[in-house]
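The values are calculated or read from the model by the stated rules, or taken from the named source; none is laboratory data. Computed from a prediction, not measured in an experiment: that's the story for all the values here. Backbone-built Cβ (ideal geometry, glycine too); neighbour counts: all protein chains shown.
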Amino acid sequence: MSEQTRVKVKKVVDYYYPKEISLTIPMSEKVQLMVDYWTQIHDIFLASDLNQQDISSTIHSNSPPLREGYDAFMSALHQHDIPLLVFSAGLGDVIQEMFAKYSVVYPNCRVVSNFMKFDDAGKLVGFHDPLIHIFNKNKSVLPDESYFTEQRKRTNVILLGDSPGDLQMADGVPNVENVLKIGYLNAHLERLDLFTELYDIVLVEDETMDVVNSILQKIIDPSC
């Protein structure tokens with residue numbers, strides 16, 4: 001990504017992100033703001049002549065690490081055939097490249113996100129519908145309902161999120177009896193009261209998977 005593109009993206013983020021986390025803007029207004037936010041970001045990418053190889057090269061040469069303990073978490077889920085649904089308002093292509101970089105590509109993991117369209121030369125030409133933003137990450141944007149149908153015998157969900165909008169991710173899952181909601185509060189600690197109201201567990205400035213891994217191990221092996 002060119003420096004010019006980075007500057008344009010930052011300008012949009014600096015304008016919309018405070019609105020995303022605002023405690024005073026009503027949700028009815030936020031939803032349209034987030035559609036505008038994501039649409040503008042995507043338009044910047046489209047105008048920047050991005051190509052598939054550039055994205056792959058950037059991820060493999062210069063990308064932030066995943067949370068400490070991610071490998072143990074994803075490996076345990078894979079070994080015990082526990083499905084993992086990654087619901088992201090980011091770019092699915094980037095997420096998949098990062099999983100490949102860190103060798104955590106497993107068949108039990110599915111990514112639902114904004115995926116890019118490329119032409120035969122690998123140039124970015126668009127994005128697949130529907131647009132996924134921070135406040136519509138739920139069953140309504142799934143490409144099909146077969147995923148949740150396949151998991152209908154599973155009645156327990158561990159939901160990991162870092163925003164109030166992430167709480168929707170389990171909406172529409174059939175036959176769910178228990179949802180353990182774990183929230184990562186990474187910044188803007190003035191939202192702590194809101195997070196403690198919405199999430200069962202709130203991890204403040206925790207860049208690890210330690211708590212989640214401990215819970216997962218107790219579920220897998222109660223004797224440990």
Hey, could you check the range 61-82 for residues that are surrounded by fewer than 17 Cβ atoms within 10 Å (Cβ to Cβ) and hydroxyl-bearing (Ser, Thr, Tyr) and say which is farthest from residue 42 (Cα to Cα)? 75
Take the conditions among the β-branched types (Val, Ile, Thr), surrounded by fewer than 13 Cβ atoms within 10 Å (Cβ to Cβ) and over 30 Å from residue 216 (Cα atoms) and apply them to residue 58. Does it pass? no
Pull out all pairs, ordered by first then second residue, where Cβ-Cβ is under 6 Å, the residues are six or more apart or on different chains, the first lies in the range 1-24 and is free of Cβ contacts under 8 Å to residues at least 60 places away in the same chain and within 29 Å of residue 61 (Cβ to Cβ), and the second is assigned to a loop (DSSP other than H, G, I, E, B) and of a type in the set (Gly, Ala, Ser). 5/48
Considering each residue of the range 16-35, count those that are over 21 Å from the mean Cα position of the chain (by Cα), at pLDDT 95 or above and outside any loop (DSSP other than H, G, I, E, B), and give that number. 1
Of the residues that sit in the range 83-110 and are buried (at least 16 other Cβ atoms within 10 Å of the Cβ), more than 16 Å from residue 54 (Cβ to Cβ) and of a type in the set (Val, Ile, Thr), which one is nearest to the chain's Cα centre (by Cα)? 86
Conditions: (1) in contact (Cβ under 8 Å) with a residue 60 or more places away in the chain; (2) in a helix (DSSP H, G or I). Residue 49 meets all but one. Number of the miss? (2)
Restricting the range 3-19 to residues that are of a type in the set (Lys, Arg) and over 13 Å from residue 47 (Cα atoms), which is surrounded by the most Cβ atoms within 10 Å (Cβ to Cβ)? 19
Scan the range 166-196 residue by residue and report those that are in a helix (DSSP H, G or I), within 19 Å of residue 22 (Cβ to Cβ) and in contact (Cβ under 8 Å) with a residue 60 or more places away in the chain. 166, 190, 191, 194
Limited to the range 157-180, what total is found for residues that are at pLDDT 90 or above, more than 24 Å from residue 114 (Cβ to Cβ), surrounded by 11 or more Cβ atoms within 10 Å (Cβ to Cβ) and not aliphatic (A, V, I, L, M)? 0
The condition from (1) more than 20 Å from the chain's Cα centre (by Cα); (2) not in a strand (DSSP E or B) that residue 124 misses is numbered (2)
